[in-house]
Structures are given as C-alpha cells and as structure tokens.
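Q: My structure is below; once you've seen it, I'll send some questions.
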Amino acid sequence: MPIMARETGAQATWSRMGMLHESRKLTAEGIEAAKNRRQLQAEALLSDALILDPENEEALLWLSRVAVRPEDRRASLEKLVALNPANEAARVALHATQRHPQGEAGLRDLVARAESATAGGARRGALAAWKAVLDFDPGNEQAVSAVVRLLGSDHRPQARALVQRALTHNPHNGGLKLLYAEALAESNRWDDVKRVLPTVGPRDLSAAQAFERMGRLHLSAGQMTAAREAFARAVELPDHAPLTHFQLARLLDREGMTERAVVAYREVVDRTWGTPEARQAEQRLREISPYLPRSVADSWPFILREAAGWVVFVFLLAVMDSGVRVAGMSASGVAAIMLAAIGGTCWAVSGAVTGTVRFFGARAIGQGSRRALRVAGVALCLAAVALGLFNSLRSTALLLARIHSG
Amino acid sequence: MFLFPIGDPEGVRYRSIPIATIALVLANVIVYAFEFLAPYPEGYERMVYALGMAPTVVHNQFGFGALSGVTSMFMHSREGLLSLHLIGNMVYLWTFGRRVEDACGPVRYMVFYFTAGLCSALLFILASGLDSPIPVIGASGAVSGVMGAYLILFPGARIRTIFWVVVPIPYPLYLRAFWFLIPWLVYQLLPAIDQLQGYGLSSVAYFGHLGGFFGALSIFLFLRRDALYRYVTGVDL
C-alpha cells in the first residue's frame, strides 16, 4: 500500500509539472500574440494559461494589458496584487486604473513628463512634476526616490516624512523600505535601521544597485552576514558595480571563506585594474596564496608532469648528442619524438586558445573542447615520456651488455 | 622605428626576488667580460668558434659537440664596452623572465630556459643545414622561449614599452603582452621565411628565435603546481 501511495503522489507531481509547463508555453504564445497586436488571440491564450496555472503572475500581468473589457483588466490586476503585493508594476497599474481618469496611460504620461523635467535640470520644475505623480499615486517608488534625491541632504526630515507616507500607501515595496532605512541611517538611528532592514525580502528587490545599497546599510549597521548575502546577490545580477566584488571579498575573507574570497579578489583585480582597491586585492591575494587543494597537489598527473619536464630536457640533450641523426634512432625513439610533438601541439594549441580567449575576456567560449584538447595533449605527452624512458633504458641496457661482452 | 620593453610593472605572487633571472643575467655579463678581455680579434674569434654553436659541430660531434648548444646561450657579439646584443637580450630576459620565473620557481625555470634554448638550437640546425659551419651565439633563442611562455601565461599583462624612433621617446606605453608579442612573432616569421628561401641577408638567427618561441609550449611541464592549477581552472596566475 505505501508503494501505491507514493506512486499516486509522483503521478500528481508530474501532472502538476506538466500543467505548469503548458501554462508557461501558452503564456509565451500569448505575449507573442500581444506584441503582434493580435489582442483577441492573446487574451484567449493567456486565459487558457491561467486555467492551467491560476497563479501565473506573468500571464495575469499581460492579461491586464490585453483584456478587452476594463473590468477584466482590473480583476487581473487585483488578483495579481493579492498574489504578490511587492509586484510594483501591477500595483502602479491598479492604482492608476482606480485613480487616474485616463488610467495607466495617464500615469505613464505624468511619469514621462517628470523624467524629462529632471533631465532638463530645472530642480523646481522637476519637483513639481514628481509631486503631480505623487498626488495620484502617493506610494510610487520611482517618484519618491526622485523627490528624495532632488531634496538633497538639506531637507532630511521632509524626505523621511515623504518616505514614511509612501510606505503607508505601499507597505510591501522593498525599494521604499530601503529609502526609509537610508533616511534613518542619515539620522544615526541605527537601531531603527536594524529593525527595518530584515523586513526587506530578497524577492522585493530585483536590481543589483538595490542589493548594493542594502549591503552597504547592513555593513554600516554592523550586520556582516546580512551584508555579505546582499553583496553576493548583487554580483549575481547584471549591471552590478565592479567594486561590489571588493566589498564581498573582504567580507568573505573576514569570515574565513578563503576559496570564495580568492575568486572575488581576482574579480576585483581583473575588473578594476589600476584602482587602489585592485592594488589592495592584489596584496591580499599574495598573502592568502598559493591556494591549491591538497587533493590536486598530491594527484599523480601533477607529480608526473614535473618529472616529464626533466625528461623532455634530457631527451632534447640526447637528440643533440646523437648529432641530430633521425636515421640512427630506434623506432621507439622516433615514435617517442612524434608522440611528444603531437601531444605538445595539442597541449600548446589548448594553452594558446585559452590565452587568447582569456585576453578577449570570454572565458566561456569553447571550454569543453579546450579541456578535451588539453586532456588529449597531456595523455599523449605522458605516453611520449613513457616511451622515451623505455627507449633510454633499453639503450643503456644494450650499452651495458656490449661493455660486458667486451 | 621599433618597440623596446623596459619593464613589467605588475606584481609577482610567490617570490619577490627572481634569483634565477638575476643569476642568468650575471652569468651572461661575466662571460661577456671574458670575451671583452680576450685579445681581439684572435682570442674573441677562437671563443666564438669554440663556444658558439655551429650545426656541423653538433652533427659531426667534434669540439664541444652537443654542449655547444648550451654554451652558445651565454655568448654575445663583442661591440665595445656596451654590447647592444647583450643589453637587448638581458632587458628582454629581465622584463619577461621575472614573472615566468615566479610562476615556475627558480629551479624549474632554469630547466625551462635551457629546454627553450635547446629547442632554438635544434630548429636552427635543421633550418640552416646539418653541415653549416657558421656558429650562432646569443641568449635570444632561450629568451624567445621565455617570451613565448609569458604570452601563454599572461596574455593580458601590461608591458612598459618605449618607442624607439632614431632615439628613444621618453614616454612609456603600457602595451598588453598580446599586442607586443604577436607582432614580434610575425616580425620574426617573415624574415625567417626569407632566410629559408635564401634571400635573407641579415645575420640574425630568426629560426633560432622561432625555435625558442615554440619551445615555450613546454612551459606547462615546468609550472608550479599551484600556478598550473590556477591556469587550468581559469583563474589568473
């Protein structure tokens, strides 16, 4: 009986996975149709996707844009916000539908006007434009952060009040919480900062910059582990600042995670060459290197390779000593030379390709084939060394026999 | 107009004093001092023919025979108190040898240096004919090997380089090794082809340089274990 129960559970899981997969496929087709202005087809496909997976956030968001009836659009948005209150795009759209006479498009227009006023450089005009956005949507993260930036350090209490007010309208927004924590930090209210920061979930933030800000705040508040996690998340995202690796490396180093610290320090050296941070990273790398796992250091290919270097040197001397006479060599000697040449070439081509690829900064290209080439090269070189040794031993034995026979 | 490397500003990882490179430079300078003090031209010429490597000496096994492949690496042409041949080779050796030695360790680096020198000698012998009586001298074959190793190990490293247009221009450029050494290789390859076809009039042993450069491919046999591990795992040396 327990076996039957397990089978039924597995079947259910497979069936659920199949439905999720089909739902994602239908969503992709629906988005494609929407982008090609086939609104009715898109709505049908997205509705089908939601039948298979009612919690498909992407399908809900796109349905809210393509649904023909306004009440269907609003219903999709309401469901989406209920599912994920931190989904800022859905929240803004729902708010605009409820508040602005022209809906989402009207709010977008206001934001565009504010952005162009900010780019124009007129502080007062930009403030007025962003405040117009905040009149319709007091919890708008983009508008709040723009106003805080425009207010500058002269109006800290005003900025903090603005963020607090925004948070009452949009309590799940991670960006607003970060802004609030920063405002508190500027007032040296570190206990409050420590209380606010844990409420920002990793799911609430999606940009590298936000994680970097969070990491810095944790660092200032003395929460090292949390800071390390924030920086680690930041470097995983595209467009992160190269110096984030430096912060991460120092934290990893401090916590004794040497292997990861070495990788992070190398990133700093590679990406910020010539800066004081790169010099510090280089210095620290020298202190914690050489770093080689014991298992690799003691492995036979590494030990044999060192012997092979000496054998190649002696082998070259022997070739010179024979007066560079290939005809006078034994078959095994010629075979050893050929194997060494082919193996060396494979190894060399692999090395040269690695060097070239590394120079152009694209490490991922052809990694598998280069590894295969290197393995083949190493194998052939080892075979050549074995054959060369056999050849030398045989020659020595023949020489000794000749001496013995007089 | 040509480019002349005057240093490698980047740091080393394992050992700050490159013992083997310094020893090689000193050995070359001492041998040159003997050349300079020998009576000119008889004594100097006798040294060149005895310690220089002529293919016929190796092939027909007389004089120093195969050992001349090693002794010739320490000989340089006599050009007064300061020999451009010696200075050029030693500056190249210092520039590129320091970090290659750091990646190998002094003993393995020495063996690599001689291996590259022997590769250079072998290619020179094969290219110029087994019975050619003209001796070749200079460390450039082995130094080319060191340069090849540098290119393989540190392709993106910056080399402090000066332009030499009649006189050196006193503003160094920081060229990446890739952009310095690949043109250098091409510059060796083209006259070498000329020499093979019998057109080359230069006294420079381009095939010796190429032999040394390709001998650099054996660098993987001489790296420190840690350095090789770094190389194969894609971490910078």
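Q: So which trypsin sites (Lys or Arg not before Pro) in segment A:182-242 pass both tests, a DSSP loop state and at most 16 other Cβ atoms within 10 Å of the Cβ? Present the calculation step by step, with values, prior to reporting the outcome.
A: Values: sites: A:ARG189, A:LYS194, A:ARG195, A:ARG203, A:ARG213, A:ARG216, A:ARG228, A:ARG233; in loops: A:ARG189.
Those satisfying the criteria are A:ARG189.
Q: So, one more: Mind checking the mean number of beta-carbon atoms from other chains within 10 Å of the Cβ atoms in B:62-72?
A: On the way: counts 0, 0, 0, 3, 9, 3, 1, 4, 2, 0, 0.
The shielding value for this peptide is 2.
Q: In terms of the Cα gyration tensor, with a ≥ b ≥ c the square roots of its eigenvalues, is segment B:119-237 rounded because a/c is under 1.5, prolate because a/b exceeds b/c, or oblate?
A: Oblate is the answer for segment B:119-237, as a/c is 1.5 or above yet b/c matches or exceeds a/b.
Q: Sticking with this one: For segment A:173-233, what class follows from the C-alpha gyration tensor (a ≥ b ≥ c being the square roots of its eigenvalues): rounded when a/c is under 1.5, otherwise prolate if a/b is larger than b/c, else oblate? Walk me through the numbers on the way to the answer.
A: Details: a/c = 1.79, a/b = 1.26, b/c = 1.43.
Cα axes put segment A:173-233 in the oblate bin.
Q: How large is ³J(HN,Hα), in whole Hz, for each residue of segment B:42-49 in order, when computed from phi with the Karplus curve 6.51 cos²θ - 1.76 cosθ + 1.60 and θ = phi - 60°, using x for Gly and Pro?
A: Ordered by residue, 3J(HN,Hα) equals 4, x, 5, 5, 4, 5, 4, 6 Hz.
Q: Something else about it: Classify segment B:70-111 from the C-alpha gyration tensor, please: rounded if a/c falls under 1.5, else prolate or oblate depending on whether a/b exceeds b/c.
A: Since a/c reaches 1.5 but b/c is at least a/b, the shape of segment B:70-111 is classed as oblate.
Q: Working from Cα positions, state the angle (0 to 90°, nearest 10) between the long axis of helix B:106-128 and the longest principal axis of chain B.
A: Roughly 50 degrees, rounded to the nearest 10.
Q: Work out the mean other chain Cβ neighbour count within 10 Å for the residues of B:171-180 and drop it here as an integer. Can you show the working numbers first?
A: Values: counts 0, 0, 0, 1, 0, 1, 2, 5, 1, 0.
What the average comes to for B:171-180 is 1.
Q: Next question. Grab the DSSP H runs of chain B that are 4 residues or longer, score each as -39,500 (n - 2.57), total them, divide by all residues and round the 222 nm result to the nearest 500 deg cm²/dmol.
A: -18000 deg cm²/dmol
Q: Here's something else I'd like to know. Filter the trypsin sites (Lys or Arg not before Pro) in segment B:141-237 down to the DSSP loop ones having no more than 13 other Cβ atoms within 10 Å, then list what survives.
A: none
Q: Please list, in chain and number order, the residues 5+ apart from B:GLY7 or on another chain whose amide H is under 5 Å from its amide H, with Hs placed from the backbone.
A: Sorted by chain and number, the residues that satisfy this are B:ARG160.
Q: List the GluC sites (Glu not before Pro) within segment A:50-131 that fall in a DSSP loop (any state other than H, G, I, E or B) and whose Cβ has at most 16 other Cβ atoms within 10 Å.
A: When the GluC sites (Glu not before Pro) of segment A:50-131 are filtered for loop state and at most 16 Cβ neighbours within 10 Å, A:GLU55 remain.
Q: From other protein chains only, count the Cβ atoms within 10 Å of every residue's Cβ in B:211-219, then give the mean.
A: Neighbouring Cβ atoms belonging to other protein chains average 3 per residue here.
Q: Have a look at B:MET47, B:VAL100, B:PHE2 and report the one farthest towards the positive end of the charge dipole of segment B:2-232, computed about the Cα centre with Cβ charges (Lys/Arg +1, Asp/Glu -1).
A: B:VAL100
Q: Show me, for segment A:309-322, the HN-Hα J-couplings you get by feeding each phi into the Karplus relation (A = 6.51, B = -1.76, C = 1.60, θ = phi - 60°), rounded to Hz, glycine and proline as x.
A: x, 5, 4, 4, 4, 4, 4, 4, 4, 5, 4, 5, 5, 7
FYI, it's all coordinate maths here, none of it is from the lab. Owing to the predicted nature of the structure, the values given are computational and were not obtained by experimental measurement. Every residue, glycine among them, receives a Cβ derived from its backbone with ideal geometry; neighbour counts consider all protein chains shown.
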